[in-house]
Amino acid sequence: MIFVTVGTQDQNFSRLLIEVERLIRIGVICEPVIAQSGQTAFESDLMEVVASIPIETFQNYLEQSQLVITHGGVGTILSALQLGKKTIAVPRQESYGEHENNHQREIVEHFDQLGYIIGCNEVDQLQSALTKAQAFEPEIYHSHNQVFCQLMKNWIDA
């Protein structure tokens, strides 16, 4: 199963969902697809689309998925990486009215350069990213939260 999530921002991100549906239609994507559409109104007869889901269901979809296709939200990317999931990220972009700035593009480029994800700046790169994902093995993500917390504790105790 492929899990697609576009986040919960109030700006439309239909271009990603339209491209996923096109790739299903032409046979590039053959697995079942569940898409969390958030505030993007989108209907499809080729994939299951849900607007909003409880966090437990979201986590369950991440765990069950063979591949995650997501917007450039760092929370979703980190959640997928912590589960060791192959992840393709397509950032929401200011030029399309999908976000107020291009910080998601920067996030996607950074995680892509580190080998954690496959980044696509445009949806027309998704088909080649899916091909790349077949052999892609993401770098193992290590959170530095515990190190940071220990440094803060040491500083406070000093």
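The values are calculated or read from the model by the stated rules, or taken from the named source; none is laboratory data. Note that this is a predicted model, so its numbers are computed, not measured. Note: ideal-geometry Cβ built from the backbone for every residue, glycine included; neighbour counts use all protein chains shown.
Can you name the helices (runs of 4 or more DSSP H) wholly within the stretch 1-101 that have at least 1 residues being among the small types (Gly, Ala, Ser) and surrounded by 15 or more Cβ atoms within 10 Å (Cβ to Cβ)?
Ranges flagged: 14-25, 74-82.
Which residue pairs have Cβ atoms closer than 8 Å, lie 6 or more positions apart in sequence or on different chains, and pair a first residue in the stretch 60-80 that is more than 15 Å from Val33 (Cβ to Cβ) with a second residue that is in a loop (DSSP other than H, G, I, E, B) and charged (D, E, K, R)?
His71/Arg92; Gly72/Arg92
For the stretch 103-131: of the residues being part of a loop (DSSP other than H, G, I, E, B) and in contact with a Phe, Trp or Tyr (Cβ under 8 Å, 6 or more places away or on another chain), which is nearest to Leu17 (Cα to Cα)?
Ile117
For the stretch 1-17, what are the residues that are of a type outside the set (Val, Ile, Thr) and closer than 15 Å to Glu48 by Cα?
Met1, Phe3, Ser14, Leu16, Leu17
What pairs come up if the first residue lies in the stretch 6-32 and is touching a residue at least 60 places away in the same chain (Cβ under 8 Å), the second is among the basic types (Lys, Arg) and surrounded by 13 or more Cβ atoms within 10 Å (Cβ to Cβ), and their beta carbons are under 8 Å apart, counting only those six or more places apart or on different chains?
Taking only residues 6 or more apart or on different chains, the pairs are Val6/Arg92; Gly7/Arg92; Gln9/Arg92; Gln11/Arg92; Phe13/Arg92.
Note down all Cβ pairs under 8 Å where the first residue falls in the stretch 109-131 and is more than 18 Å from Phe13 (Cβ to Cβ), the second is modelled with pLDDT under 95 and β-branched (Val, Ile, Thr), and they're at least six residues apart or on different chains.
Hits for this filter: Phe111/Ile77; Tyr116/Ile77.
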